[in-house]
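Here the structure comes first, spelled out in structure tokens, and everything after it is commentary.
Throughout, read-outs are computed from the coordinates displayed, never taken from laboratory work. Model, not experiment: these values are computed from the prediction. So basically every Cβ, Gly included, is an ideal-geometry build from the backbone, and we count neighbours across all protein chains shown.
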Amino acid sequence: MSRPTPLRLAGFVLTVLGGLLVSYGSLQTWATTGLRNDRKGVFDSIYKGVDLLDGRVTLALGMFVLVSLVVMRLVGSVGVRRSLALAILVAGAAATTVGIIDLARAKERFSVSPGDLDRQAAAIARIGHVSVDLVRGELQRQYELQQVVDVGMGLYLVMGGGILATVGGGLGLVWVAQAARETGSPPEGRSSEERTTEAT
């Protein structure tokens, strides 16, 4: 078995790292929402990627990148390899885009959820023996005044992994094109007989 070319090896490593980082980052904390004056973090709400639709999408994209890479190495068809490399590139770019959008809209995207607000109000009301609606209204006002959102490492891992997968997919396209030229594989949609006829 011949040793992989530097181009193929680089594409493989970047794609694997990219897919792993996107998948792992999707399982990690994307943001923590709380109140500025709450130094003990009593009112913190932690959002992991998979708690959100966006995180579940990026997890699927990360897994898709890894599976596509394995299939790409197993199949012999130039057309299939080219399609898979392009799909990896698109999946990486999509994961990066999701991360960038969520980062840009972090304060709005990770605002405290109504469910968390209800749970916090109910807990305080039980302790203080006061109306839940009264506590909820005050909490809502406090969040409007001093809500803070700290972006977690998971979101950055998704973006970084997406960039690596995009580059890996691009290198994969170049590798497929080079391999096709070296082996004399016919262009997509043309048979080897047609190429032979044109050459003569």
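Tabulated values for the structure
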{"read-out": "Nearest-0.05 FRET efficiency for Leu27 and Leu134, computed from C-beta distance (R0 35 Å)", "value": "0.40"}
{"read-out": "Alpha-carbon centroids, segment 142-186 and segment 84-136: separation in whole Å", "value": "23"}
{"read-out": "Compactness relative to 2.2 N^0.38 Å, alpha carbon Rg of the chain", "value": "1.49"}
{"read-out": "Relative contact order computed over the chain (Cα-Cα under 8 Å; 6+ residues apart), in percent", "value": "37"}
{"read-out": "MRE, 222 nm, helices only [DSSP H, n ≥ 4, -39500 (n - 2.57), over the chain, to nearest 500]", "value": "-24500 deg cm²/dmol"}
{"read-out": "Span-rule helices in the chain, defined as complete DSSP H runs reaching 30 Å or more along the axis (Cα) with Kyte mean at least -1.0", "value": "6-27, 53-74, 78-104, 153-183"}
{"read-out": "Thr97/Ala122 FRET efficiency (R0 45 Å; Cβ-Cβ; nearest 0.05)", "value": "0.75"}
{"read-out": "Highest to lowest packing among 59-70, 77-88, 32-43, scored as the average C-beta count within 10 Å", "value": "59-70, 77-88, 32-43"}
